[in-house]
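Report on one structure; see the data block that follows.
The values are calculated or read from the model by the stated rules, or taken from the named source; none is laboratory data. Keep in mind that this is a model prediction, so the values were computed, not measured. Reconstructed Cβ throughout: ideal geometry from the backbone, glycine too, with neighbour counts over all protein chains shown. Heads up: the accessible areas ignore ligands, DNA and RNA and are worked out on the full protein's heavy atoms, side chains in. Shrake-Rupley method; radii C 1.70, N 1.55, O 1.52, S 1.80 Å.
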Amino acid sequence: MPLPAGCRILRGAMEPGQDLMKPRLEKRAKLLARGLDPYGGLFEVSESVAAARAQPEAEREVRLAGRVMSHRDMGKSLFLDLKDSSGKIQLYVQKKVLAEESFECFKHFVDLGDIIGVVGKLFVTHAGELTVRVESWQMLSKALRPLPKEYYGIENVETRLRQRYLDVILNDKVRETFQMRSRIVAEVRRYLMENGFMEVETPMMQPLAGGAVAKPFRTHHEALNLDLFLRVAPELYLKRLLVAGFERVFELNRNFRNEGISRRHNPEFTMLEVYQAYGNFETMMELVQGMITTVAEHVLDSLVIKRYDGEEINLTPPWRRVRYETLVAERVGADWFQISAAERRARAQNMGVEFAADAPDYEVTNAVFEKTIEPTLLHPTFVTHLPAELVVLAKPNRENPGVVDVFELVINGQEIAPGYTELNDPVVQRERLLAQAAGHAEKLDEDFLTALEYGMPPAGGMGVGIDRLCMMLTGVESIRDVILFPQLRPQT
């Protein structure tokens, strides 16, 4: 059967200036003219490509669907690569096997990027390649745009982020990263539920932006004519549930902070928050250590993680525990807490550490910690007993009320999880929130404080940055590499 007029085959990128879609639109029209739907319908898939590869018995029939990733025309036979989310497999299409019209349609109308379904039997070629001998096929989605010419992955970062679907199609490593993220989240959820925690959901739109010090996003509720904030943290609602009598709760939630974007920060991010009645910050240290090591073992089958730069992170427990003051003194001078506040400011400036001109002394020290110490903590480190001013929702240490019973878990040079012994004294909590709000009582969450006045049990609580956890476990460099669709400036 001769090639129908106007239906030449695309085999690569078009020359600049040509209409990339016109030839494929013509093929779409010709399929329709033959009574064939270019966008298919129900196709019952028997298994994934990976499952087919796992059971390569000769002459076993399979029904597979996926995207055509390569196409080699040998006249009366064709070799193609079919790709689904689990991998690739070779197809062998022969004129003598298919009906003549079916073969000619396949030969002339199937392009790179098309999604097809095939039915056939497995065999191994002389070259040792597992292959499907196609006995029938169906067009499931005619691609009107050719895939980018960068077959082995899109290099342009802007294109990768804006058109993540192309990035996933062409870059196996990217696809594997997001598949791994899904498994990480599933294992986190499984671990907590197996340890008696109940998953809950709390409001994402809140009348007050509470639970963390951050600049919120604002929105408006039309039905209630009410200005609201997208939540910066679910903490105050989860603590209400401790008051309600749910002793172990967690939420995997989306939070929003209208702040900077960087390699380690994204304004929209995923956070796990966990609360356990009758526990404390040490309970949370044991919980998060067990959770992360279990997730690593189940997802990666290893406690040694290789980073993007080749360095290794060893998650083998027990993890180091060190007090905040001890670590600061070790790294920036044993006399740091003996010198005057003015001398600390001068030293910090000499280190190149930036802070506001009116920053209180504890913020200067914390800026030094975040700039010069935290990035060096590659292996898991619990930094404990931070200054009370930094964490107003945590319980003061009994021996030293100037610090609170908290930890910051740092791995891969960034904070992965903060954890507290939660403050449950409503009188002290009101005083501390009022001080944080600079005396503006109207900024207090009175409903939360009322709940505390009914009695909240002593508890441990923690948050885990899921995006950062995924960065660490997958070994990528940027938080945008573990977010499928990061927010970008509009294209001009």
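Quick notes on this one:
- Any hit, the stretch 447-456, residues being closer than 30 Å to residue 315 by Cα and more than 25 Å from the chain's Cα centre (by Cα): no
- Any hit, the stretch 288-308, residues being surrounded by fewer than 19 Cβ atoms within 10 Å (Cβ to Cβ), more than 27 Å from residue 371 (Cβ to Cβ), more than 30 Å from the chain's Cα centre (by Cα) and at pLDDT 95 or above: no
- In the set 58, 52, only one residue is part of a helix (DSSP H, G or I), over 16 Å from residue 136 (Cβ atoms) and not aromatic (Phe, Trp, Tyr); that residue is 52.
- Inter-residue pairs, beta-carbon under 9 Å, first aliphatic (A, V, I, L, M) and in the stretch 22-38, second open to solvent by 80 Å² or more (accessible area, probe 1.4 Å) and at pLDDT 95 or above, 6+ apart: 31/37
- Selected residue [surrounded by 18 or more Cβ atoms within 10 Å (Cβ to Cβ), among the hydrophobic types (A, V, I, L, M, F, W, C), over 22 Å from residue 147 (Cβ atoms) and modelled with pLDDT of 95 or more] from 123, 103: 103
- Scanning the stretch 433-450 for any residue that is among the aliphatic types (A, V, I, L, M) and in contact with a strand residue (DSSP E or B) (Cβ under 9 Å, 6 or more places away or on another chain) turns up nothing.
- From the options 485, 407, residue that is loosely packed, with under 14 Cβ neighbours inside 10 Å and either on the phi > 0 side of the Ramachandran plot or not small (Gly, Ala, Ser) (or both): 485
- Top-ranked residue in the stretch 370-392 [being part of a helix (DSSP H, G or I) and of a type in the set (Ser, Thr, Tyr); ranked as surrounded by the most Cβ atoms within 10 Å (Cβ to Cβ)]: 372
- Of all residues in the stretch 436-457, one or more are open to solvent by less than 40 Å² (accessible area, probe 1.4 Å), modelled with pLDDT of 95 or more, within 30 Å of residue 185 (Cα to Cα) and not aromatic (Phe, Trp, Tyr).
- Remark: pairs (first residue in the stretch 197-215, free of Cβ contacts under 8 Å to residues at least 60 places away in the same chain; second residue aromatic (Phe, Trp, Tyr); Cβ separation under 7 Å; 6+ apart in sequence or on different chains) = 198/246; 199/250; 202/237; 203/237; 206/229; 209/229.
- Test result for residue 347, open to solvent by 30 Å² or more (accessible area, probe 1.4 Å) and either part of a helix (DSSP H, G or I) or within 19 Å of residue 459 (Cβ to Cβ) (or both): yes
- Test: residue in the stretch 312-328 that is open to solvent by 60 Å² or more (accessible area, probe 1.4 Å) and over 31 Å from the mean Cα position of the chain (by Cα): yes
- Across the stretch 244-276, the number of residues qualifying as touching an Asp or Glu at 6+ places or on another chain (Cβ under 9 Å), open to solvent by 10 Å² or more (accessible area, probe 1.4 Å) and not in a loop (DSSP other than H, G, I, E, B) comes to 8.
- Answer residue from the stretch 87-100, given it is over 13 Å from residue 135 (Cβ atoms) and open to solvent by 50 Å² or more (accessible area, probe 1.4 Å) and is modelled with the highest pLDDT among those: 88
- Filtered by the rule that a residue be among the basic types (Lys, Arg) and under 13 Å from residue 31 (Cβ atoms), the stretch 108-149 gives a lone residue, 142.
- Among (1) out of contact with any strand residue (DSSP E or B) (no Cβ under 6 Å at 6 or more places or on another chain); (2) part of a helix (DSSP H, G or I); (3) not charged (D, E, K, R) - the single one residue 98 does not satisfy: (2)
- Filtered by the rule that a residue be within 10 Å of residue 59 (Cα to Cα) and of a type in the set (Asp, Glu), the stretch 118-133 gives no residues.
- Just one of (1) closer than 22 Å to residue 23 by Cα; (2) small (Gly, Ala, Ser); (3) open to solvent by 30 Å² or more (accessible area, probe 1.4 Å); (4) at pLDDT 95 or above fails for residue 113. It is (3).
- Inter-residue pairs, beta-carbon under 8 Å, first under 10 Å from residue 364 (Cα atoms) and in the stretch 342-353, second open to solvent by 70 Å² or more (accessible area, probe 1.4 Å) and part of a helix (DSSP H, G or I), 6+ apart: 353/371
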